[in-house]
Structure formats: structure tokens, C-alpha cells
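Below is one structure, written out as C-alpha cells; comments come after it.
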Amino acid sequence: MLKLLATFLVGLATSAALAQTPTSFDRQGHRGGRGLMPENTIPAMRRALDLGVTTLEMDVLISQDGQVLLSHDPTMNPDYALTPAGQRITKAEQDQHRLYALPYATIRRYDVGSQGNSHFPRQQKMLAYKPLLAEVIDSVEAYARRKKLPAPHYNIETKTTPPATEPCTQYRPNLWRSYWQ
């Protein structure tokens, strides 16, 4: 009798799990669809929603002042970023533009879209900046509501940390908890 009950419970649990398995394909917009728009930007995430993406994939890191922002690279990428003065960044200068060493107010002033990414010739060139995670979520949720689109899911990858030689006490340990409450 006990063996029969155990078999029934396993079957019930399996049936419940299968019933909750999604039957549709999860379409993810990698960095918001970086082939079409400047990667990890609000315009990229909105465009991905317009294309029917169900999950927005994005990369985050933390600035010097503890702000969570979207960026795949730990530095401003010389392939497409311009300094606040509108100058190109060379590969030799790249390490001078480490995001974890810059306050967000400075990071926000860089242009990551006007020159486009030569690896993606169809990418739209536009003035763009690296936004805060909270700003992206607020913006795309409002955009989805306004356009009567389904609310997106999020695939958020943490990309970088400062070197072990730098103290991490300045970062907010409860940052994620405070945002999602």
C-alpha cells in the first residue's frame, strides 16, 4: 500500500510539473537585440519588445558609487563608445574607462550609440547611454503597457566585479532586495 501511495505521489508531482511546462518558445533579445540597436540600452529593449521578444537579456555591473547599470563590458568599449567630449577611445586608453572606477554620473555622459558597432552593420546609429537597471525596467514595463504588449521576463547577467585588491564595502549588499520589494 505504501509503495502504491508513493508511486501515485510521484506520478502526481510529475503531472503537475508537466502541466506547468511552457508550451511556447522563449524569444530572448540578446542585449536588447544588439544587431539592430545599441546594445544594453533602453531603445534596444523597447525595439526587442516590438519584435515580439518575451525575455530581455541584459548584462549589469556596478559603478564606483554603487549604481547597477547595464553593460556587457567592464570598460567603455572602443568599438563604439565615445567619451563625454565626443572623442573616440583607443584600445590603449580602454583601461582608463573602467566602469567600476567611475561614478554613474560620469558613465551616463558617454555616448554608446552614435558611431554604431561595426560588427553589426544593420545596427541603428543613435545617441545612447548606459542606463541604470531600475530605469530600464521602469521604462520597458511602461512601454509594454502603453503598447498593450505582454510584460517581459528578464534574464539579467552580472558581468564584473572590481579586482580583489579593492574594498567592496562601498557596494550596497541589499540593493537587489530594496529594488524588488
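All of the numbers you see were taken from the coordinates with simple rules; none came from a lab. Treat the numbers as computed from the prediction; the structure is a model and nothing was measured. Glycine gets a Cβ as well: all are built from the backbone with ideal geometry, and neighbour counts include every protein chain shown.
Less than 14 Å apart at the alpha-carbon level, and either on another chain or at least 8 residues along: which aspartates and glutamates does that give for Lys91?
Output for Lys91: Asp73, Asp79.
In segment 64-156, which trypsin sites (Lys or Arg not before Pro) are in a loop and have at most 15 other Cβ atoms within 10 Å, using DSSP for the loop call? Let's see the in-between values first.
Values: sites: Arg88, Lys91, Arg98, Arg108, Arg109, Arg122, Lys125, Arg145, Arg146, Lys147, Lys148; in loops: Lys91, Arg108, Arg109, Arg122, Lys125, Lys147, Lys148.
Those satisfying the criteria are Lys91, Arg109, Arg122, Lys125, Lys147, Lys148.
So who's got an amide H within less than 5 Å of the one on Gly32, skipping anything under 5 residues away but keeping other chains? H placed 1.01 Å off N, in plane.
Under 5 Å from the amide H of Gly32: Asn40, Glu57.
What percent do you get for the relative contact order of segment 28-128 when only Cα pairs under 8 Å and 6+ apart count?
On the way: 190 pairs, mean separation 28.4, N = 101.
It comes to 28 percent, rounded to a whole number.
Where Lys and Arg each count +1 and Asp and Glu each count -1, what net charge lies around Lys91 among other residues with Cβ under 15 Å from its Cβ?
In short, -2.
Could you tell me which of rounded, prolate or oblate describes segment 89-140, using a ≥ b ≥ c as the square roots of the eigenvalues of the alpha-carbon gyration tensor, with rounded for a/c under 1.5 and, failing that, prolate when a/b is larger than b/c and oblate otherwise? Let's see the in-between values first.
On the way: a/c = 2.37, a/b = 1.02, b/c = 2.32.
It is oblate, given that a/c is not under 1.5 and a/b is not larger than b/c.
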